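S.K.: The structure follows.
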């Protein structure tokens, strides 16, 4: 599988590097001063414990005094993971913006590869995954998030979001690939029960999470008589049929 996906991954890496490498010569801009260059918070590991205290947050009224007294991390909202990466970057690069932008380039490339993996997982077509990942990689909406250092939380949020999707989709994809969906007898809500039964027969285990819609205690149900009858009788029927197939 790795050999098959190598050419698309090489293409993605080259495109990302060619398109975004000019930013490596950029300097700090805008909020970078409050978060990194003018704020001593990330300049010393002694401040690391403050990531988990109220001293981390910066009040808007304190921003004008950034060069006169400690004002926290320069963040109005709680973003400790992003600030932790600033600690790491400053440790290795001090105030050399090249290293920070290089970090961004690598993060964006990782996100692009993850998008490729997610699409390939969903559609089972590496070239469709390549086109989708290319669109994600070079879409203009990415420019601000990738090229401005103080917007790193956008890339990190994207990273964890895509990883969460992959870990969510992968086991469900594995289950559905083991079931002949064309053989399902139910078409309504009964299909959920049938799918669970077939998945159980394949050796999979699952956990039911009950959902209660409190705002639907009154009103008209959308469930038709056909769906109700299917849930009542077909469930018994497919249980009988599948047991006889063994």
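No value in this document is a laboratory result; all are computed from the given coordinates. Fair warning: this is a prediction, and the values are worked out from it, not measured in the lab. When we count neighbours, we look across all protein chains shown, and the Cβ atoms used for this are built from the backbone with ideal geometry, even at glycine.
S.K.: Classify the range 132-178: rounded, prolate or oblate, from the alpha-carbon gyration tensor (a ≥ b ≥ c, eigenvalue square roots; a/c under 1.5 rounded; otherwise prolate if a/b is larger than b/c)?
M.R.: Verdict is oblate for the range 132-178.
S.K.: Quick check on packing: order 8-18, 142-152 by the mean number of other C-beta atoms within 10 Å, highest mean leading.
M.R.: 142-152, 8-18
S.K.: Could you work out the relative contact order of the range 104-176? I mean the mean sequence separation of Cα pairs under 8 Å and 6+ apart, divided by the number of residues, in percent.
M.R.: 39 percent.
S.K.: Taking Cα pairs under 8 Å and at least six residues apart, what relative contact order does the range 2-175 come out at, in percent?
M.R.: 26 percent
S.K.: Given points 7 Å out from each Cα along the Cα-Cβ axis, report the residue 18 to residue 227 separation in nanometres with one decimal.
M.R.: 5.0 nm
S.K.: So how do 33-46, 98-111 stack up, highest first, on mean other-Cβ count within 10 Å?
M.R.: Highest-to-lowest ranking by the protection proxy: 98-111, 33-46.
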